[in-house]
1. If you check every pair at least six apart or on different chains, which have Cβ atoms under 9 Å apart with a residue in the range 14-35 that is on the phi > 0 side of the Ramachandran plot first and a residue that is among the small types (Gly, Ala, Ser) second?
2. Restricting attention to the range 14-37, report how many residues are exposed (fewer than 10 other Cβ atoms within 10 Å of the Cβ) and within 13 Å of the chain's Cα centre (by Cα).
3. Find all pairs meeting these conditions: Cβ atoms under 7 angstrom apart; at least six residues apart or on different chains; first residue within the range 49-66 and without any contact (Cβ under 8 Å) to a residue 60 or more places away in the chain and within 22 Å of PRO19 (Cβ to Cβ); second residue in a helix (DSSP H, G or I) and of a type in the set (Gly, Ala, Ser).
4. Given (1) loosely packed, with under 12 Cβ neighbours inside 10 Å; (2) modelled with pLDDT under 95; (3) part of a helix (DSSP H, G or I), identify the lone condition not met by ILE54.
Amino acid sequence: MEVKIFETIMLFCFGFAWPFSIYKLWKTKTSEGKSMYFLCIVLLGYLSGIFFKIYGALDEVICLYVLNATLVTIDIVLTIKYRKSNEVDKSFQQV
């Protein structure tokens, strides 16, 4: 049995959560409770996996690393966008 099946399952399971996170953030338009440190660490992990696949053991599992890294990047961009948007809204409320 090929052991990369376990890597594939792990990436699929972790990656399954990102679309829900993105959807919730997009619908609520608030980044409250989101940790940029966490998101950046997860992105770094996926990027490390991509580089390992490129330089060490290239196989089709790299597609899941790329997909997950893309989803985390979208989550980061939306978090930044809505964090800035929420700060502007709060400054108007103080006036």
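1. Going by the 9 Å Cβ cut-off, the qualifying pairs are LYS29/SER85.
2. Counting residues in the range 14-37 that are exposed (fewer than 10 other Cβ atoms within 10 Å of the Cβ) and within 13 Å of the chain's Cα centre (by Cα) gives 2.
3. Filtered contacts from the range 49-66: ILE50/ALA69; LEU64/GLY15; TYR65/GLY49.
4. Failing condition for ILE54: (2).
The values are calculated or read from the model by the stated rules, or taken from the named source; none is laboratory data. What you are looking at is a predicted structure, and each value in this text was computed from that prediction instead of being measured. Because the Cβ atoms are built from the backbone with ideal geometry, glycine has one as well, and the counts that use them run over all protein chains shown.
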